[in-house]
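First the structure, in the form of structure tokens, and then the observations on it.
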Amino acid sequence: MKKPSLPATILMTADTIGGVWTYALELTKALQKYNVEVYLATMGRRLSASQWKAADNISNLAVKESEYALEWMDSPWDAVDEAGAWLLELERQIKPDLIHLNNYAHGNLSWKAPVLTVGHSCVLSWWQAVKKEQAPDTFNIYAARVKEGLQQSDRVIGVSRHMLDCLKQHYGPFTTSGFIYNGRDKKGFYSSAKRPVIFSMGRIWDEAKNISALEVISGHVPWPVYIAGEDYGHLMPRADNLYPLGKLYSAEVAKWLSTSAIYVMPARYEPFGLSVLEAALSGCAVIVGDIPSLREIWADAALYADPNDPGDLKYQIETLIKDDDKRKLMAGKALQRAQRYSIDAFAGKYAGYYRQLLQGEQNKLASGVA
């Protein structure tokens, strides 16, 4: 039996604010070996100069830019509906073989091509993990729109088994589903002489990242703590032994990771955690929040700290600072574990699901169902 072909063209969505942008570029680059062309429809805000530069270096990528509000933003629904009309017009013009959504609310559009929707995070699971309670009623419309979009997608993918379980809990059941771990190209990261430095990065304003825990303990650990991320007024350089670096570009991040001995991400909620993977590929020993998704991804290759107990975070950091052998052992374990999340495995899994969706479409056409 002839193996079903891959899509020649994909229309993919991505926001430009968080890690989905990095994910989309990595996947697009990795799909070059499969001769897949990606049209990337961006939302949230306009691309920065550095984002345009990164996109321009990918030969199989064409960006379709917008600044439509994202579904988790305040009162976004008029903009979300306008974005839906824009996306359908892009499909009419491009005629892609497959739709790959990295947001939820547009899964229920009258698409011509089969739809794969990937769950990177969601408000309801974020609220449950961070606030320890159900999201307030103000998110009822969000919940309904997300549920409709996911249930009308042809396949739903989580970036971890735990994330998929969260999506099923809040929005299921789904027609078909699975999970694919994210990947990162190891060629973008390297290890050089390590310094006695603790490094972290992320959205400082996001309670889920829990960067503020480092602010609490920084003055009580012997090594300096450096944090990269846009400063939204929450984290100020008032804490002893803590040094905010502001927003860093990718080459600067890689350099900091290459020389930092310890990377810390004390997250309360993190469906995958690309920054932890980058740190592991850079030879850092990693300390992460003790949450199910990070346990799933890193197993015994990381140390875990209770995200609600700064004292536990301090203890885990001091454990690695005081024991050179353990720190080197954990860095080696993290690097070895990171090999599981290769760019080839990442793209190969998506290629397999793309084939299945196209085969399903061919079967429907052959049977006269479509």
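The values are calculated or read from the model by the stated rules, or taken from the named source; none is laboratory data. Keep in mind that what you see is a predicted model, and the values were worked out from it rather than measured. Cβ placement follows ideal geometry from the backbone for every residue including glycine, while neighbour counts extend to all protein chains displayed. Protein only, heavy atoms only, side chains kept; ligands, DNA and RNA dropped before computing areas. Shrake-Rupley method; radii C 1.70, N 1.55, O 1.52, S 1.80 Å.
Quick look at the values:
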| quantity | calculated |
| --- | --- |
| Cα-Cα over 30 Å, subset of K64/K186; K194/K247; K131/K328; K33/K247 | K131/K328; K33/K247 |
| Hz values of 3J(HN,Hα) by residue in segment 70-87 - Karplus curve (6.51, -1.76, 1.60), Gly and Pro given as x | 8, 5, 8, 7, 5, 6, x, 6, 4, 5, 4, 5, 5, 5, x, 5, 4, 5 |
| C-alpha long axis of helix 324-338 to longest principal axis of the chain, angle in ° | 0 degrees |
| Computed P(r) (all Cα pairs; segment 1-121; 5 Å bins; percent) | 2, 11, 23, 25, 21, 12, 4, 2, 1, 0, 0 |
| The chain: angle of helix 19-30 to the longest principal axis, Cα-based, in degrees nearest 10 | 60 degrees |
| 10 Å-binned pair-distance histogram of segment 205-313 (Cα, whole percent) | 14, 48, 35, 2 |
| For segment 13-153, with +1 on Lys and Arg beta carbons and -1 on Asp and Glu, the positive-most of G107, L88, V36 along the dipole | V36 |
| Largest to smallest accessible area among M12, M73 [probe 1.4 Å] | M73, M12 |
| Cα-based equivalent ellipsoid of segment 76-132: semi-axis lengths in Å, sorted from largest, via gyration tensor | 27, 14, 7 |
| For segment 286-350, size of Cβ-based charge dipole, Lys and Arg +1, Asp and Glu -1, in debye | 300 debye |
| Choice from N308, N103, N57 showing the highest fluctuation, given a GNM over the chain with Cα pairs closer than 10 Å | N57 |
| Environment charge at A208 (Cβ cut-off 11 Å; Lys +1, Arg +1, Asp -1, Glu -1) | +1 |
| Projected label distance in nm at K247 and Q134, using a 7 Å step from Cα toward the beta-carbon | 3.8 nm |
| Heavy-atom accessible area ranking, 1.4 Å probe, most first, across T22, T175, T28 | T175, T22, T28 |
| Percent accessible area from carbon and sulfur atoms, the chain, protein chains only, probe 1.4 Å | 50 percent |
| Helix-derived mean residue ellipticity, 222 nm - over the chain, DSSP H n ≥ 4, -39500 (n - 2.57), to 500 | -13000 deg cm²/dmol |
| Correct choice for Kirkwood radius over Cα pairs in Å that was computed from the model, options [x] 22.1; [y] 23.4; [z] 21.4 | [z] |
| Heavy atoms of W52 accessible to a 1.4 Å probe, total area in Å² rounded to 10 | 80 Å² |
| Positive-pole candidate from T319, G332, F346, dipole of segment 299-359, charges at beta carbon | F346 |
| Sorted peptide list for 209-221, 156-168, criterion being average Cβ within 10 angstrom, highest first | 156-168, 209-221 |
| Globularity ratio of segment 46-188, using Cα Rg and 2.2 N^0.38 Å | 1.11 |
| Overall form of segment 111-188 per C-alpha gyration tensor (a/c, 1.5; a/b vs b/c) | oblate |
| Given charges at beta-carbon only (K, R positive; D, E negative), |dipole| of segment 117-207 in Debye | 540 debye |
| Accessible surface, the chain, averaged per residue in Å² (probe 1.4 Å) | 44 Å² |
| Mean Cβ neighbour count within 10 Å, used as a protection proxy, ranking 184-194, 91-101 highest first | 91-101, 184-194 |
| Charged-residue dipole, Cβ positions (Lys, Arg, Asp, Glu), the chain about Cα centre, Debye nearest 20 | 1300 debye |
| Over segment 150-250, equivalent-ellipsoid semi-axes from the Cα gyration tensor in Å | 36, 18, 12 |
| Distant-in-sequence amide H partners of A261 (H built 1.01 Å from N, under 5 Å) | R195, V197 |
